[in-house]
Structure formats: C-alpha cells, structure tokens
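As structure tokens, the structure follows; a few thoughts come after it.
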Protein chains: 2
Amino acid sequence: MASVLKDFSRLCLHTMTTRPWNIEECIRHYSHAGIPGITIWRNVLENRDLKEVRKQLRDSGMQVVSLCRGGFFPSVNPVKRQAAIDDNLLAIEQAAAIGAPLIVLVCGADKNQSLERSRDQILEAIIRILPQAAATGIKLAIEPLHPMYAGDRSAVNTIRQANDMAEKVNDGHVGVAVDVYHLWWDPDLKNEIGRCAAGNRLFAFHVCDWKVPTVDFLNDRGLMGEGCINIREIRSWVEDSGFTGYNEVEIFSDLHWAEDQRAYLEKIQQAYLHNT
Amino acid sequence: MASVLKDFSRLCLHTMTTRPWNIEECIRHYSHAGIPGITIWRNVLENRDLKEVRKQLRDSGMQVVSLCRGGFFPSVNPVKRQAAIDDNLLAIEQAAAIGAPLIVLVCGADKNQSLERSRDQILEAIIRILPQAAATGIKLAIEPLHPMYAGDRSAVNTIRQANDMAEKVNDGHVGVAVDVYHLWWDPDLKNEIGRCAAGNRLFAFHVCDWKVPTVDFLNDRGLMGEGCINIREIRSWVEDSGFTGYNEVEIFSDLHWAEDQRAYLEKIQQAYLHNT
C-alpha cells in the first residue's frame, strides 16, 4: 500500500476541477495554496494570449503537467475526421505555447459505426498527428474512458486496449493516462498498470472518486473519500511501477462547482492528504 | 452475421419490460401476441398464489424461461449476507413452484468493501445455495453487469469474470447470462461468448439497446434499434456458439413504461424483427 501523502509536492489540479475560475484565478489560487502542478483545459485558454498565460505560469512557479484535451477522432464523416486532426494539431501548438509537455486524448466514438471502426480511426489519427507532436516535443496520452462512455466519448474503454494501441504505435511520445474513475472496476488494472509502466508509457495519473449512487453521467464525480474507489491502493500500484509524476485531481461535479471555490480548494487539499 | 429473425418462435419478454402490467396482464397480452417465452420478475409474484400462476402459465401455453432475480450476496454485515442466502433459497422455491428452470443472479456489491472481497462473497454464496438449486433442478446464471454498477449492484462486471467464476464452481447448474446492455463495449465479448458456450455455460441471452445519450443509470434503456449496440452481430456470436435458447427482451425504461403498453408491445415485436 502506498504511504500516506504528507505534503502537496506531487499535487496537480485540473482547471476543470474549479470550473467557475478562469485561468488567471486558477493560477493565483492554486499557487497561493502551495499546489505546484496544473493541468490546463483548453476552454480556459479561449480569448487569451498564450504568451501572457505562459508568463503568468512562469511567474507563479507552477508546472504545467498537461493540456486537456485532444482526441474525439472517429466519425463516419471524413470531413469531421479531418477537422479533428486539425484541431489536434492546434492543440499541439497550444501545448507548446504554454509549456505543456503532454496532451491527454479523449479518443472519441461515433455511435453510427462499430467500436472497431472507431478504434481503427483513433489509431490512424494518432499516427497522423504524431510527427507534429514529436517535432514539438509534446507527448500524447491515450486515456481509456469508462465503458459507460463507449457510445459517444471513447471507443477505448480499458487500460488493456490503451496499452495495446500505444504498443502498436510504438513511439516514445505515445503513452497512457490512468484515471481511477474510468478504470477502478477493472480486475486487470494492477497488471495492466505494471505493463504500461514497464513500457515507459505511464504518462499521467488522475484521481477523484465514484459516488454511490452516481446520478449524472458526466458531472457527478466525487472528491476523494466521497466514493468507493480504492484510490490509495491504485496509487500504490502506480508508484510501485516506478511512476514519480503528479497525482492529478480531476473532478467534474455540479455540486462542487456550486460551492465557494476557495473553500472547495481547501477541501480538495484535505481530501488529498487523507483519502488519496 | 445472424440471419434476420422472421418470427417470434424464440422471443421471450421480461415482465419488467412491461412494468405497468401485473402477472395476469403479462401472460394474457404476451400470449395473445404470439410470444412464447416469459421471464418472470419476482415483484409480479408478490401476493400471488404460485400454483394459480403456474396454472395460468400452463393454460396460456407459455414457457417460463427464467426467474429474475436472485443474488445481491455481498455485504460487510454477516447478518445481511445470511439474509441474502435465505432470500435466494426462497427464489429457488419460487422458481420450482412456477416452473422456471433458471434463476438470473444480479450478484451484488457493497461499496464499503473491496470488489475482491465482494467477489469472494458472491462465489461463497453461490456455492452455498447450489445444493438446493441442484436438488430442485434449477440452474443459476451469473449475470455480469455493466461496470457502471460496480459500486452497488454487481462486482462481476465482465463476461470473463463470470466465466472464471462459473468455471471455479464447475457444476452444470451454474452458468452465465449474456446481456448486450452490460457487455456490448467489451473487446473480449466474442471470444468469451465462445468460451462460455464451449463449457455449456451460456444459459441466457438478453437484448435491448444503449441510447446515446443515456440519461439515467437504471431506467433509460432503449428498445432494439434506438441505440448503438451491434445487437445482431452479438446474436450471431451467441448463435454461432450453438445457443438455441430465447432472445429475451429486457428493457427498463421510464419513457416506454409511460406509453400504452399494448402499443408498446407491438413496437417491441417490430423491433425484434427488424433490429435484433
């Protein structure tokens, strides 16, 4: 079992976790709270000068862990597939501009075609954007999503599938993001985390919790400790495999977004120390 | 690919699919519509003389395919675990009384303990009720449930896990129920259906559809054709494996339950012919 977390040296927050805050507020409040890592969602970069964002990040001393999110590749419509490629090339530019070393891929799915066809298109698309990512020094993390999103958000639903796909690409710039919310139920999780890390493909580790009951398919995630996920045990698997990166807190929650975000930030830090 | 279904000779309806109807209405309307199979949920047996129900079933000419549902075995509380055993023994009595050859097990989960512990308790419980089932000639089908139910409804979330568990028990009375709603996303589904059937453990096949978007975790299933599941392809895997049982329509849907149930029954039959 992983040891208890005693400080915030490996804590990273996703800007989407405090959705009501803009990028300036995220940087100011996170850094003031002693949180060293930030994963930036693209929505907070809209209408911003990325050079100015990068300067704020540098001045704050924060480390950009990743940019969320690329992906959404599959479609029955080739025009939409090309638009997705273009958008992911733009994401690579944005990541380079703000100093993000990694882009997380929510791979996508199209209900109007088979999962196999969507998976083929995902693989093709990753191979198409890879040269630009490699040239810019940006890594790409395939994030397997919970099977409840297979109809619309990702045809990659287990870590084994993500490992298989990353192995097929077989390039040091393509790996996997492990999110406990999506993967906690999987009896193969421990083994596949080991396999992923052994191939130097474990690029990111995301935490939150699964509430019982969960009442919304998107925005009812729990703060660590509010649900039933064995977060500390999964963290032990990740750390025992050699991972030394950040523990990224990524929570979509209408309930928590309705709270005062500074009070919520304190709750997150307590939950990080006691339930992660 | 499985051939198109041309008649209703292998159609079975779950009474829960037409939830507003009591058992008498289910028997009357299903048999009048030429539907030969019925899977009976225990709620419609409350306050009924089971001998009388059996007589109605016999008079209608319908075949009882299974009783739903047993299971819900795991708990941190041993008193509750014993109560679950007792309830499953009662279900075996009920199945025998109405002439159901099979009980479907929704295995259960307890958010207050690990999935591994819940799985151990499920296996222990099945072994405990097995002698009574065998003595009564009732089979038990482990139904793997979608991973979105791992927190509260089942710690068995893939067909591989169900196959593994059934193989451990290694008794002809214990097999697996395959429901496309729970398993359609699984890249191992075809192989594991083959494995299940090769061991003579494929006991039941349930169909409905996965709507995009799905807005409720329990009662927003789709009629076949309303969603994105490759139902006919999965049916081909099931049939190619040698399965000759019923195609059981099991749909929980607040939307469809609000319709006139006789009009809905006609829709089900059309969806069965055209989208199953």
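The values are calculated or read from the model by the stated rules, or taken from the named source; none is laboratory data. Predicted, not measured: the structure shown is a model, and the values here were computed from it. Note that each Cβ is placed from the backbone with ideal geometry, even for glycine, and that neighbours are counted across all protein chains shown. Calculation scope for accessible area: heavy atoms of the full protein, side chains included, ligands and nucleic acids excluded. Shrake-Rupley method; radii C 1.70, N 1.55, O 1.52, S 1.80 Å.
Anything over 31 Å Cα to Cα? Flag those among B:K80/B:K267; A:K168/A:K267; A:K111/B:K267; B:K168/B:K211, in the order listed.
Check vs 31 Å cut-off fails for B:K80/B:K267; A:K168/A:K267; B:K168/B:K211.
For the pair B:I85 and A:S3, how long in nm is the line joining their label points, each one 7 Å along Cα→Cβ?
4.3 nm
Kindly provide the pair-distance distribution of region A:25-94 built from C-alpha pairs, with 5 Å bins from 0 and whole-percent values in order of increasing distance.
3, 14, 23, 20, 14, 10, 7, 5, 2, 0
Take the solvent-accessible surface of the protein heavy atoms, probe 1.4 Å, and return the percent of it on chain B that carbon and sulfur atoms account for.
48 percent
Copy-to-copy spacing for A:A97, label 7 Å out on the Cα-to-C-beta vector, in nm, shortest first?
Reported distances to equivalent positions: 7.1 nm.
Enter the accessible area of B:R19 (Å², nearest 10), with the probe set to 1.4 Å and all protein chains included.
Accessible area, nearest 10 Å²: 120 Å².
Taking every DSSP beta bridge with both residues inside the protein assembly as shown, roughly what % is antiparallel (nearest 5)?
5 percent
Which residue, A:M16, A:M62, A:M148, tops the fluctuation ranking in a GNM of chain A built on C-alpha contacts under 10 Å?
Looking only at A:M16, A:M62, A:M148, the biggest GNM fluctuation is shown by A:M148.
If you take each beta carbon of peptide A:183-192 and count the beta carbons of other chains within 10 angstrom, what is the mean?
Mean inter-chain Cβ contacts per residue within 10 Å come to 4.
Given a cut-off of under 8 Å on Cα pairs at least six residues apart, what relative contact order in percent is computed for chain A?
It comes to 20 percent, rounded to a whole number.
Could you work out the relative contact order of region B:106-255, using alpha carbon pairs under 8 angstrom and six or more residues apart, expressed as a whole percent?
Taking the mean separation of contacting Cα pairs over the length of region B:106-255, I get 20 percent.
Between region B:42-56 and region A:193-222, what is the C-alpha centre distance in whole Å?
45 Å
Using a 1.4 Å probe on protein heavy atoms only, how many Å² of accessible area do B and A hide from each other, summed over both chains and rounded to 100?
2100 Å²
Residues of B:148-161, mean number of Cβ from any other protein chain within 10 Å of their own Cβ, rounded to a whole number?
Rounded to a whole number, the mean comes out at 4.
I want to check the label-to-label distance for B:E266 and B:E124. Put each point 7 Å from Cα in the C-beta direction and report it in nm to one decimal.
About 5.4 nm, to one decimal.
Quick one: work out the % antiparallel among DSSP beta bridges in region B:1-160, nearest 5.
0 percent
For A:V249, which sequence-distant residues (separation of 5 or more, or a different chain) have an amide H within less than 5 Å of its own amide H, given hydrogens modelled in the peptide plane?
Those lying under 5 Å, H to H, from A:V249 are A:C12, A:L13, A:H14, A:V207.
Just to make sure I understand: if all protein chains stay in place, what is the order of B:S75, A:S114 by accessible area at 1.4 Å, largest first?
A:S114, B:S75
Taking N as the number of residues in region B:1-42, what is its Cα Rg relative to 2.2 N^0.38 Å?
Working it through for region B:1-42, the quotient is 1.27.
Please compute the net charge surrounding A:I103, taking Lys and Arg as +1 and Asp and Glu as -1 over other residues with Cβ under 9 Å from its Cβ.
Once all neighbours under 9 Å are counted, the net charge is +2.
Which whole number gives the average, over all residues in A:206-213, of C-beta atoms from other chains lying within 10 Å of the residue C-beta?
Mean shielding count: 3.
How high is the FRET efficiency between A:V76 and A:R232 when r is their beta carbon distance and R₀ equals 45 Å, given to the nearest 0.05?
E(calc), rounded to 0.05, equals 0.60.
When chain B is modelled as a GNM with alpha-carbon springs shorter than 10 Å, which of B:D209, B:D260, B:D87 fluctuates the most?
Looking only at B:D209, B:D260, B:D87, the largest GNM fluctuation is found for B:D260.
Pull out a ≥ b ≥ c, the square roots of the eigenvalues of the alpha-carbon gyration tensor of chain B, then state rounded if a/c is under 1.5, prolate if not and a/b is larger than b/c, and oblate in the remaining case.
Rounded is the answer for chain B, as its axis ratio a/c remains below 1.5.
Search the structure for amide H atoms under 5 Å from the amide H of A:W41, placed 1.01 Å from N in the peptide plane, and list their residues when 5 or more places away or on another chain.
Answer set, sorted by chain and number: A:T15, A:M16, A:C68.
To one decimal in nm, how far is A:G61 from the same spot in the other copies, if labels go 7 Å from Cα toward Cβ? Please give the shortest first.
The answer, with the shortest distance listed first, is 8.3 nm.
Kindly state, as a whole number, the per residue volume in cubic angstrom of the convex hull around the alpha carbon atoms of region A:62-161.
89 Å³
Calculate one ³J(HN,Hα) per residue across region A:224-240 by plugging θ = phi - 60° into the Karplus curve 6.51 cos²θ - 1.76 cosθ + 1.60, and present them in order as whole Hz with x for glycine and proline.
3, x, 7, x, 10, 6, 7, 4, 5, 5, 5, 4, 5, 4, 5, 6, 5
Could you state the accessible area per residue of chain A in Å², with a 1.4 Å probe and every protein chain left in place?
On a per-residue basis, chain A sits at 39 Å².
Rolling a 1.4 angstrom probe over the protein chains, ignoring ligands and nucleic acids, what is the accessible area of A:D152 in square angstrom, nearest 10?
Its accessible surface works out to 60 Å², give or take rounding.
Points 7 angstrom from Cα along the Cβ direction at A:K51 and A:H32: gap in nanometres?
Spacing of the two 7 Å Cα→Cβ label points: 2.8 nm.
Test of the criteria: in region B:172-261, which GluC sites (Glu not before Pro) are in a DSSP loop and have at most 16 other Cβ atoms within 10 angstrom of their Cβ?
Answer by residue number: B:E259.
Across 10 Å bins from 0, what is the distribution of all Cα-Cα pair distances for region A:119-215, in whole percents?
16, 48, 29, 7, 0
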